[in-house]
Structures are given as structure tokens and as C-alpha cells.
Amino acid sequence: MKKIILLFTLLFCVQLEAQTYIKYNPVPNIFGAINLGVETSIGKKTSFSFDILTSPWDINGKPRKFIFFVPEVRYHFKEQYKGFYAGGHVGYVQYNSQKWNYDYLPDYYQQGFGYFIGATVGYQLPIAKKWNLDFFIGGGWQEGFYKGYDGATGERIDGATDWNVSGDWYLYRGGVMVSYKIGG
């Protein structure tokens, strides 16, 4: 374990010498979520971005808890951190949440996890020496594994003996990251 921590620390310190931005997306706050990230250079026109999108609380007494981990490799068409880019990602989500259309079933919720694979397109606009705005939208295929419960009784409500599985194509990320360059 000590070797893993040492390796992670060494890699993090090396990356601080490269162009690295810490990022915050205020748009999900409207929906009660938090979106933070970091993006660092890995090549002349490529970068690695890692975002976390989370809602760690109940809203109006209903579970709306989730966390998305989105590691992404990005290709910048002109220059890193300026102009258009496209990225590809594979990520993981975990949730304990009520579906948006369950108003008629107020105690029902789903608990599960999933993965997704997709793409992001965006535009990065420098606004000051160390500050950028990163406008982006992304989506792809999401596959979820979940169990349905009645919050009042704790009983399973979906009739399945194992996991329910569902998948769909949809947009699942977007906003405006306010980015600050750390180091140099």
C-alpha cells in the first residue's frame, strides 16, 4: 500500500510541472449536484481530464444520491486549453436515487451502479492569464445494474431475484467548467 501511495504522489508531483487545471462546474448546482475536476497535459495536443459529479444528499425527503467518475482523454484541435476539443471516456456511476417520474410512488427508489462509455465535445476559452472557461457536452451508452426498494418497508419492489439491468444512449454531462491553472 505504501508503494501505491508513493507512486501516486510521485506521478501527481510530476504532473504539477505540466499544465494542470483544477475545475469547477457551477451548472449542476442548480440541480443540487457538485462537479469538480482536474485536467493535465499528456502530450502536445492531448490532455487527461478526471471529473467527479456527485449529489450526496436527499432532496425533499427523497434519495437523490449519486457519484459519477469520468476519466477522459482529450484531443485539442489547435492548441491545448484553447479552442475546440473532443474526448473519449469510460466511467463508473453509483447511485441511491428515486427515478424522476416516480411522483406517484413516493417511497420507491433504486440502488445500484453502472458504467458508461462515450464522448465529449467542448470549447475552452482563456479569460485571464491562469483562468479558462470550458464549455462542454457529452454522452454515450450507460448500462445500469440496480435493485428497486420501497423506502417505507425496505422490501424489494421490482420482482427480480438479482440485479435489474437497463441501458440507454443519452446525454449525461455538460456545463461550463471554470478552470484555474496551478503551477507555472
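The numbers here are math on the coordinates, done by the rules we state, and not lab data. The structure presented is a predicted model; accordingly, all values stated were derived computationally and were not measured. Note that we place each Cβ from the backbone using ideal geometry, even for glycine, and neighbour counts take in every protein chain shown.
Within the shell of other residues whose beta carbon sits under 13 angstrom from the beta carbon of Lys130, the net charge comes to +3, with Lys and Arg scored +1 and Asp and Glu -1. When you filter the chymotrypsin sites (Phe, Trp or Tyr not before Pro) in segment 34-119 for DSSP loop state and at most 11 other Cβ atoms inside 10 Å of their Cβ, you are left with Trp57, Phe77, Trp100, Tyr104. Based on DSSP loop calls and a cut-off of at most 14 other Cβ atoms within 10 Å, the longest stretch of the chain free of exposed trypsin sites (Lys or Arg not before Pro) is what? In short, 131-184. Going from the fewest other Cβ atoms within 10 Å to the most, the residues Leu171, Leu125, Leu53 appear in the order Leu171, Leu125, Leu53. Excluding Tyr85 itself, what net charge comes from residues whose Cβ is under 11 Å from its Cβ, given Lys and Arg +1 and Asp and Glu -1? Its environment carries a net charge of 0. For Lys82, the aspartates and glutamates whose Cα falls under 20 Å of its own Cα, not counting residues fewer than eight places away in the same chain, are Glu17, Glu39, Asp51, Glu72, Asp134. Summing charges over all other residues whose Cβ lies under 10 Å from the Cβ of Glu72, with Lys and Arg as +1 and Asp and Glu as -1, gives 0.
Here segment 2-182 is treated with +1 on each Lys and Arg Cβ and -1 on each Asp and Glu Cβ, and its dipole about the Cα centre works out to around 960 debye. So I have (i) 12.7; (ii) 15.3; (iii) 10.0, and one of them is mean projected area of the Cα convex hull in nm² calculated from this model. Which one is it? Of the labelled values, this structure produces (i).
Exceedance of the 31 Å cut-off in Cα-Cα distance is limited, within the set Lys23/Lys62; Lys23/Lys78; Lys99/Lys181; Lys23/Lys65; Lys23/Lys44; Lys45/Lys147, to Lys99/Lys181; Lys45/Lys147. When only alpha carbons are used to place a centre, segment 142-161 and segment 15-90 end up 30 Å from one another.
One decimal place: the segment Gln19-Lys147 gains 41.8 nm when fully extended, by the rule 0.36 nm per residue minus the C-alpha distance.
Normalising by the residue count of the chain, find the relative contact order in percent from Cα pairs under 8 Å and 6+ residues apart. Here the relative contact order equals 19 percent.
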